[in-house]
Amino acid sequence: MIYSVDIQITAPVQDTEVSDRVADAIRNLFPEADIESHPGELLATCHTMDHFSERLHEQAILDTARGQFFANLEGDTFSFDLKKQAAFRDVVNFAVGSGSELGDIHVRVKVSDPDAETFIDHIAPPTEEGRPVDSDRR
């Protein structure tokens, strides 16, 4: 299946940070992102979450990811925040609660085709006992 998604990623760049390092953090999790630098912020766009999905599987945090995605799902769009420090290490760590002092990486995913729920099932499939469940068996 071909998915049509527009992913927008924003990350604040504090005076104490090097913007290239923040860009590296974004690229670690979204290697295909096009990144633009703006004063105090990086703005990135991409159209795939394949590497991000691989990291969710490798880290065995599919249920956590699904919880984050569905908690912030509005219509065809879902969003979530990631910790910068973890992203520097190519690790997915969802930022929940109060933000970190350096600011978090904010990711907004707009799904055009087929729909957001189907795309979420694709990148973070439902699990049973921590293992992905084949969606055809549901």
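The values are calculated or read from the model by the stated rules, or taken from the named source; none is laboratory data. No experiment lies behind these values; they were computed from the predicted model shown. All Cβ positions, glycine included, derive from the backbone under ideal geometry; neighbour counts span all protein chains shown. Just the protein is used for accessible areas: all its heavy atoms, side chains included, with ligands, DNA and RNA removed. Shrake-Rupley method; radii C 1.70, N 1.55, O 1.52, S 1.80 Å.
A few notes on this one:
- Within region 59-100, considering residues that are among the polar types (S, T, N, Q) and either in contact with a Pro (Cβ under 7 Å, 6 or more places away or on another chain) or open to solvent by 60 Å² or more (accessible area, probe 1.4 Å) (or both), the one farthest from LEU29 (Cα to Cα): SER98
- Every listed requirement among (1) over 16 Å from the mean Cα position of the chain (by Cα); (2) on the phi < 0 side of the Ramachandran plot is met by GLY130 save one, (2).
- Flag for SER79 being out of contact with any Leu (no Cβ under 7 Å at 6 or more places or on another chain), closer than 23 Å to PRO126 by Cβ and either of a type in the set (A, V, I, L, M, F, W, C) or in contact (Cβ under 8 Å) with a residue 40 or more places away in the chain (or both): no
- Residue that is surrounded by the most Cβ atoms within 10 Å (Cβ to Cβ) [pool: residues in region 6-46 that are among the small types (Gly, Ala, Ser) and assigned to a loop (DSSP other than H, G, I, E, B)]: ALA33
- ASP115 being more than 13 Å from the chain's Cα centre (by Cα), over 19 Å from PHE30 (Cα atoms) and open to solvent by 30 Å² or more (accessible area, probe 1.4 Å): yes
- Screening region 49-58 for residues that are open to solvent by less than 60 Å² (accessible area, probe 1.4 Å) and free of Cβ contacts under 8 Å to residues at least 60 places away in the same chain and picking the one that is farthest from ALA116 (Cα to Cα) gives ARG55.
- For region 103-112, filtered to residues that are open to solvent by 40 Å² or more (accessible area, probe 1.4 Å) and not charged (D, E, K, R), the residue that is nearest to GLN8 (Cα to Cα) is HIS106.
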